[in-house]
1. Could you check how much of the accessible area of segment 2-162 is carbon and sulfur, as a whole percent, using a 1.4 Å probe?
2. 7 Å from Cα along Cα→Cβ at both Asp257 and Arg139: what's the point-to-point distance in nm?
3. Each label point is 7 Å from the Cα along the Cα-to-Cβ direction; what then is the distance between the points at Ala93 and Ile385, in nm?
4. Taking 8 Å as the Cα distance limit and 6 or more residues as the minimum spacing, I'd like the relative contact order of the chain as a percentage.
5. Before anything else, pin down the relative contact order of segment 78-184: Cα pairs under 8 Å, at least 6 apart, normalised by residue count, whole percent.
6. Using 0.36 nm per residue, how much length does the chain from Ile243 to Lys448 gain when fully extended, once their Cα-Cα distance is taken away?
7. Could you order Trp333, Trp429, Trp391, Trp67 so the one with the most accessible surface comes first? Probe is 1.4 Å.
8. So for the pair Arg437, Val422, with labels modelled 7 Å out along Cα→Cβ, what separation do we get in nm?
Amino acid sequence: MKIVVLNGSPKGEISVTMQYVGFIQKKFPQHELKIINIAQRAKQIENKEETFQEIIEEIKEADGILWAFPLYVFLVHSQYKRFIELITERSAAAAFKGKPAAILTTSIHFYDHTAHNYMQGICDDLDMKFYASYSAEMRDLFKENERERLLHFFQGYFEAIVRKAPAINVYSPLYLQPSEYTPKTSPNPIDTCGRKIVIITDAEQDHSNLKQMVDRVAEHFTGQAEVINLHDIDIKGGCLGCIRCGYDNTCAYSGKDGFIEFYTNKLKTADILVFAGKIRDRYLSSLWKTFFDRGFFNTHIPSLAGKQVAFLISGPLGQLSSLRQILEAYTEWQQANLVGIVTDEEPDSQKIDNCLRELAIRSVEYANSHYIRPTTFLGVGGRKIFRDEIWGHLRFPFAADHHFYKTKGLYDFPHKDYSTRVLNLILGWLIKIPAVRKKIYGTMMISKMVEPFQKLLSKL
Ligand SMILES: Cc1cc2nc3c(=O)[nH]c(=O)nc-3n(C[C@H](O)[C@H](O)[C@H](O)COP(=O)(O)O)c2cc1C
């Protein structure tokens with residue numbers, strides 16, 4: 001069988017993910033795993049029509065397609081995303097139709113599920129026969145049991161292809177309700193209290209709704225907001241994945257394009273950030289993805305901590321819960337405050353007007369009171385993954401992260417909590433005594449749980 005491997009690493013074949021593919025190839029020599037470097041050659045694929053067509057021809061002839069990619073900031077790399085956009089832009093979806101598809105990712109399991117959701121959604125949109133996805137932790141290949149698990153997965157995938165296994169789409173096609181947003185009320189400016197407001201958009205000429213939403217929010221901010229279009233920023237390319245930023249947050253592109261300056265001078269100095277984008281397939285545009293990937297020069301340091309962040313989204317966000325989660329999680333891990341998300345799905349322009357004004361009011365209110373809403377599992381879970389990784393395996397090469405986490409007290413492992421440790425030791429022994437155990441788990445548990453709260457309340 002011939003399996004086409006669409007490689008999503010910007011590092012081409014010198015990539016962790018491709019070592020996993022190499023392992024599969026070694027164990028299944030009867031099948032050909034043809035690797036095509038997508039993310040690394042994205043510009044060439046886009047600019048040279050023949051290169052794109054050659055890939056499509058390979059796909060047509062393949063018995064199966066493996067989407068093999070590293071996790072990049074909650075999703076696939078921006079250049080892989082661009083290739084996915086080209087498939088519909090160049091009407092090449094038919095080549096994928098009915099092909100048995102599987103996903104293989106390597107990552108540190110930080111939002112691997114949102115990347116998988118996205119990619120499976122794309123497979124469903126392309127009408128492929130989706131087998132399953134496999135999320136390998138980047139070091140799994142060193143463990144024998146993980147290697148066995150991986151082989152199991154691929155054995156199953158190959159067998160499914162042979163028996164023409166059926167598949168049912170998980171993600172419904174997106175229903176695109178064309179509703180036009182035209183502001184109904186005249187702008188009603190609010191006092192921005194001297195806050196620095198930056199609106200970043202990727203709006204293009206024909207993105208009428210998005211442009212109108214951006215304009216309306218800017219008007220509410222009494223013209224104090226600076227509107228920056230990502231198309232006007234000199235961005236030479238996507239993140240290279242080189243991790244040169246690991247040492248001291250110096251990007252390989254430093255001095256070569258305008259992104260670092262833009263991020264440092266515009267985003268980091270703002271009090272309120274409004275991100276505005278139009279949905280493209282099941283995410284925002286690949287340009288927005290480039291923005292998020294290139295922001296990685298800050299490595300695992302929350303570079304937008306304390307800021308108010310709002311999103312203006314044009315498109316069917318209500319049908320893309322995974323994308324909504326990415327926007328929420330991005331804000332939470334940044335330790336910023338998600339003021340809200342306004343979309344143009346609502347057919348009543350008046351309601352959108354009202355929501356945009358409310359968004360502007362709350363942004364300033366929260367900025368004034370420095371309000372950051374508590375993090376949910378999205379932020380807490382993500383922070384713990386980073387904390388453990390930077391303390392352990394990723395301390396090298398992420399030296400800047402280690403310094404930051406250490407000085408900011410982010411290594412808050414429970415083993416430092418000595419009073420809880422002593423209490424756990426004593427209670428751990430006590431509950432071994434049947435009579436004590438009966439009492440604790442019987443009558444005492446519920447009342448003792450609230451006792452410290454009651455003491456606190458009586459003091460406050
Ligand atoms: C810019 C950048 C962004 C990353 N984003 C994520 C992420 O969101 N989640 C995650 O679990 N790992 C993330 N990683 C880790 C990579 O996914 C992981 O190291 C992967 O194995 C690299 O594979 P490759 O060598 O094939 O490119 C990121 C790495 C880089 C360099």
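The values are calculated or read from the model by the stated rules, or taken from the named source; none is laboratory data. Owing to the predicted nature of the structure, the values given are computational and were not obtained by experimental measurement. Note that we place each Cβ from the backbone using ideal geometry, even for glycine, and neighbour counts take in every protein chain shown. The area values use the complete protein model at the heavy-atom level, side chains included, leaving out ligands, DNA and RNA. Shrake-Rupley method; radii C 1.70, N 1.55, O 1.52, S 1.80 Å.
1. It is 51 percent, rounded to a whole number.
2. 3.2
3. Result: 3.0 nm between the two label points.
4. Reported relative contact order: 13 percent.
5. Working: 90 pairs, mean separation 29.8, N = 107.
About 28 percent, as a whole number.
6. 68.8 nm
7. Of Trp333, Trp429, Trp391, Trp67, the descending order of accessible area is Trp429, Trp391, Trp333, Trp67.
8. 2.6
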